[in-house]
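Undergrad: One structure is given below, represented as structure tokens, and several questions about it will come after.
Each reported figure results from applying straightforward, stated rules to the coordinates on display, with no laboratory input. For clarity, every value in this text was computed on a predicted model and none was experimentally measured. Cβ coordinates were reconstructed from backbone atoms using ideal geometry, including for glycine residues, and neighbour counts include every protein chain displayed.
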Amino acid sequence: MNLNQIVAALGLQSLTPASAESLQIEISRAHASDLLSDVLANAPSGGVLLTIQVHLNVIAVALHAMQAAVIFTSGMVPEEAVRNKAMEEGIPLFATKESTFDAAGRLYGLGIRGQHE
Amino acid sequence: MITSCFPIVGGKLDDAGSASRRLKEQLKQIGVDGQIMRRIMIAAYEAEMNVVIHAFKGNLWVRLDRDRFNMEVIDQGPGIADLDLAMKPGFSTASAEAKQLGFGAGMGLPNIKKASDLFEVDSHAGKGTRVRSTIYLKTQAVEQPGGRGLSVQAELCIGCLDCLKACPTRALRVWNRRPSILSTLCIECTTCIGVCRAGVFKIRETGRNNQPREPIAEAAPQTLVIPRAFLTQFGSKIPPRIVLAVLRNLGFKDIRFTEEWEKELRRTVRSYAAEQQLYPVISPICPAVIGLIESQFPSLIAQIAPFMTPIEAAVEACSLRMATFVPACPSQRTLLEQADLSGRLRIVNPAELSGRLIPRLRTQSDTPASIQKQNTRPTRNGSHGPAVLEAWGVDNVVEILEKTEKGLAGEFRILELSCCEKGCYGTPVFEENPYVAQKRWSASGLERWRPVNVVSAKSPYRARTGMRLDADMGKAIEKLARIDELAASLPGRDCGACGSPSCASLAEDIVLDRHPGLECPVLRRGEP
Amino acid sequence: MKLEQLIEAIDARVLQPGSKGRTEIAHVFAGDKMSALLERAGPETMLVTSLANTQLACVAELMDCPALCLVDGAEPDPTLLEAAARGDTAVVVCALDMFETCGRLYRRLYGDDSRRS
């Protein structure tokens with residue numbers, strides 16, 4: 001499933017204008033965490049990140065962990081500075097009103113998996 | 001009045017929380033429960049953790065009055081350098097250690113404020129901080145903030161007050177930016193759902209006892225009853241028959257429309273009306289209109305044709321099998337919940353069903369070439385005839401009922417009134433424009449005739465008594481006098497600043513003690 | 001749904017059984033921020049988190065939350081288990097990461113409805 005299809009299936013709100021190429025990326029993994037240290041250490045690369053952590057550092061961490069996109073859950077939306085940094089670094093940001101649990105559940109239903117299988 | 005003090009030791013994260021725990025024990029003894037307890041616990045715990053994380057030591061002072069809980073958390077510590085910054089969600093000065101443990105989200109003070117009815121924080125750098133919170137105890141309105149079929153997400157409220165004026169029965173209040181529905185006055189008509197820009201009001205999702213969300217797929221019951229409008233909500237590229245096909249794939253082999261029973265009801269009422277002397281006869285097609293009549297126009301109850309509303313008739317028809325129902329409005333939701341005595345009924349809100357469908361619909365949308373020629377003859381839904389008045393929209397319905405009450409509607413034999421525009425097509429729960437939606441249905445070629453039964457109402461429609469000022473007539477009269485007197489002293493602007501829709505409502509709220517601390521802010525400010 | 005059924009879905013180990021009368025779970029909330037866990041904890045909610053500190057038990061007790069699920073095979077302090085025992089809160093741990101855990105719990109709670117037809 002590619003990022004575009006995920007966005008459509010979950011009804012995600014787009015927070016950054018994403019390039020056509022980045023939306024075509026195939027996604028098969030995801031990680032859910034609000035602790036940046038955990039994301040850095042454990043998030044599978046090329047996956048999407050689900051989090052409510054809207055601090056500026058989340059962008060740097062997501063980049064280092066090579067995440068394909070960050071989805072902010074529970075209606076959390078980061079400030080403009082964070083969105084601008086994401087645009088600079090080319091990492092797409094999305095938001096959903098659903099909780100991490102519900103968003104993860106729906107992604108799982110679409111075939112996305114975590115680290116272990 | 002009870003006063004207590006619970007000491008807090010700074011720095012020890014492991015032991016923290018003991019003050020809040022002891023407070024909880026005390027409050028349980030006096031019977032504080034539910035939402036109020038939750039809010040108090042959130043305020044107390046966040047305040048206590050602030051002391052533990054940032055200060056040397058502190059005290060949690062509590063004063064319990066008859067109608068309110070007052071808390072003061074005073075600490076000795078470095079104090080807060082910039083209070084505005086501290087109140088900003090996300091800003092935190094917690095240590096890295098605290099953050100690793102999940103603290104330091106920067107939501108402490110904002111969350112205490114959100115949980116409180118009154119909130120104050122002051123601090124002196126180098127000395128310490130004091131946080132004060134007041135949470136009102138009781139009232140019914142605050143404890144069960146929804147009308148029976150509605151859910152209220154108070155935290156989304158932006159304070160525009162549009163809902164206050166829009167509610168036809170003046171059942172809404174916005175106290176401390178926390179919208180509440182007085183359930184005794186609410187007729188569950190969807191007006192607030194349609195008017196609120198922030199999405200505060202929705203059809204309630206869980207059952208009255210907070211039953212879990214209904215799983216749809218596994219062992220899905222075979223029968224599904226939906227409003228026709230549901231099939232028309234997916235845009236111009238996904239016609240109703242595709243939505244129908246996907247619903248069948250989900251496991252619903254037998255799909256019925258609430259309108260099938262509505263159509264039959266209209267026909268039946270026509271015959272019924274021919275035999276009546278008292279005109280106009282009111283056709284019970286919209287349950288919210290029935291609620292409106294029962295609360296605001298009880299003198300017209302006798303004119304309601306004594307049949308069940310379409311959704312209730314549908315439930316009766318499906319009573320011998322498992323069926324899933326999709327309500328178009330909170331009023332239908334409540335009727336479904338009440339009818340579900342056997343537990344056989346599944347109730348799924350439209351948004352949830354759409355959510356399940358959308359991933360499958362994406363793979364099935366029509367390309368223009370594959371759409372067959374549709375039957376475009378519009379369907380006749382109303383029982384047209386010169387003596388039948390069809391009207392939509394709460395304002396129109398209220399006006400017509402007022403005329404009827406005054407005896408000015410005798411030229412009509414039948415009134416077919418719905419709160420939503422074009423019947424269920426116009427419920428705000430559906431996004432598509434009601435005219436577009438209805439046209440899409442009539443063009444779909446799916447119209448079929450199936451025999452259905454109209455069912456006589458099991459019990460007669462009755463006036464709602466919840467609105468009475470007092471069960472005792474003498475006391476009710478006294479209260480009325482006090483309300484009138486109080487109302488006369490208010491500015492009469494109906495501005496809504498107090499949280500009630502009108503000055504008359506505020507007077508009523510004060511005399512009936514619906515909420516502590518009510519007053520007119522305009523008078524308090526001393527404006528002429 | 002009963003806690004036992006959820007535990008089974010994620011192959012979790014029970015560290016603290018909790019109260020017999022409180023095993024009905026209607027909602028799940030997943031996250032690592034104490035403020036959010038505090039806000040969403042409730043009498044029929046299970047909290048899923050990668051945190052493992054004692055305060056989790058305190059939050060559960062204050063909000064009458066019946067169950068805590070720790071992910072990533074975390075080994076909590078004995079103090080957490082003591083505090084949980086005092087509050088009658090069940091504590092289970094599973095080896096999966098938070099995303100997998102949420103995905104499987106969601107599927108068990110709400111059914112798998114993205115079977116391709």
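Undergrad: For B:Lys57, list the aspartates and glutamates whose Cα falls under 12 Å from its own Cα; do not include residues on the same chain fewer than 8 positions away.
TA: B:Glu48, B:Asp75
Undergrad: Quick one: C:Val14, B:Val73, fewest Cβ neighbours within 10 Å first, how do they rank?
TA: Exposure proxy ranking, most exposed first: C:Val14, B:Val73.
Undergrad: Using a Förster distance of 41 Å, how high is the FRET efficiency between A:Ala81 and C:Arg13, based on the Cβ-Cβ distance and rounded to 0.05?
TA: Details: r = 43 Å, r/R0 = 1.04.
The formula returns an efficiency of 0.45 here.
Undergrad: Can you spot the lysines whose alpha carbon is less than 18 Å from B:Lys28's alpha carbon? Ignore those fewer than 8 places along the same chain.
TA: In chain and number order, the partners are B:Lys138.
Undergrad: Working out 0.36 nm times the residue gap between B:Asn396 and B:Thr93, then minus their Cα-Cα distance, what length gain in nm do you get to one decimal?
TA: On the way: separation 303, 0.36 × 303 = 109.08 nm, distance 5.63 nm.
So the chain would gain 103.4 nm between B:Asn396 and B:Thr93.
Undergrad: OK, next. So how much slack lies between B:Asp254 and B:Leu512, counting 0.36 nm per residue of separation and subtracting their Cα-Cα distance, in nm?
TA: Stretched fully, the B:Asp254-B:Leu512 segment lengthens by 87.9 nm.
Undergrad: While we're on this one: Straight-line reach from C:Lys2: which aspartates and glutamates fall under 14 Å, measuring Cα to Cα and dropping same-chain residues less than 8 apart?
TA: C:Glu24, C:Glu44
Undergrad: Can you put B:Val246, B:Val326 in order of Cβ neighbours within 10 angstrom, beginning with the fewest? Walk me through the numbers before you get to the answer.
TA: Numbers: B:Val246 21, B:Val326 24.
Final ranking by Cβ density, sparse to dense: B:Val246, B:Val326.
Undergrad: Quick one: C:Phe29, B:Phe103, B:Phe297, fewest Cβ neighbours within 10 Å first, how do they rank? Please list the in-between numbers first.
TA: On the way: C:Phe29 22, B:Phe103 27, B:Phe297 18.
Least to most surrounded, the residues fall as B:Phe297, C:Phe29, B:Phe103.
Undergrad: Taking a ≥ b ≥ c as the square roots of the Cα gyration tensor eigenvalues, with a/c under 1.5 meaning rounded and otherwise prolate when a/b beats b/c, else oblate, which class fits the protein assembly as shown?
TA: Details: a/c = 2.00, a/b = 1.27, b/c = 1.57.
In terms of gyration-tensor shape, oblate.
Undergrad: Report, in deg cm²/dmol and to the nearest 500, the calculated mean residue ellipticity at 222 nm for chain B, where each DSSP H run with n ≥ 4 adds -39500 (n - 2.57) and the sum is divided by the residue count.
TA: -10000 deg cm²/dmol
Undergrad: 7 Å from Cα along Cα→Cβ at both A:Ser45 and B:Ala302: what's the point-to-point distance in nm?
TA: It is 8.3 nm.
Undergrad: Please sort through the DSSP H helices of chain B and keep those with an alpha-carbon extent of at least 15 Å along the long axis and a Kyte-Doolittle average not below -0.5.
TA: Membrane-span-like by this criterion, though nothing is claimed about a membrane: B:34-54, B:350-361, B:394-405, B:473-488.
Undergrad: Next question, about the same structure. Over 30 Å between Cα atoms, which of B:Lys99/B:Lys127; B:Lys202/C:Lys20; B:Lys114/B:Lys165; B:Lys24/B:Lys114; A:Lys97/B:Lys237 qualify?
TA: Those over the limit are B:Lys202/C:Lys20.
Undergrad: Where a ≥ b ≥ c are the square roots of the eigenvalues of the C-alpha gyration tensor, would you call chain A rounded, which needs a/c under 1.5, or, failing that, prolate if a/b is larger than b/c, or oblate?
TA: rounded
Undergrad: Given 20 °C and 1.002 mPa s, how large is the Stokes-Einstein diffusion coefficient of chain B in µm²/s, with Rh as the Kirkwood radius over Cα pairs? Don't skip to the end; give the middle numbers.
TA: Details: Rh = 26.3 Å.
The calculation lands on 81 µm²/s.
Undergrad: Rounded to the nearest 5, what is the percent of antiparallel bridges among the DSSP beta bridges in chain A?
TA: Roughly 20 percent of the DSSP beta bridges within chain A come out antiparallel.
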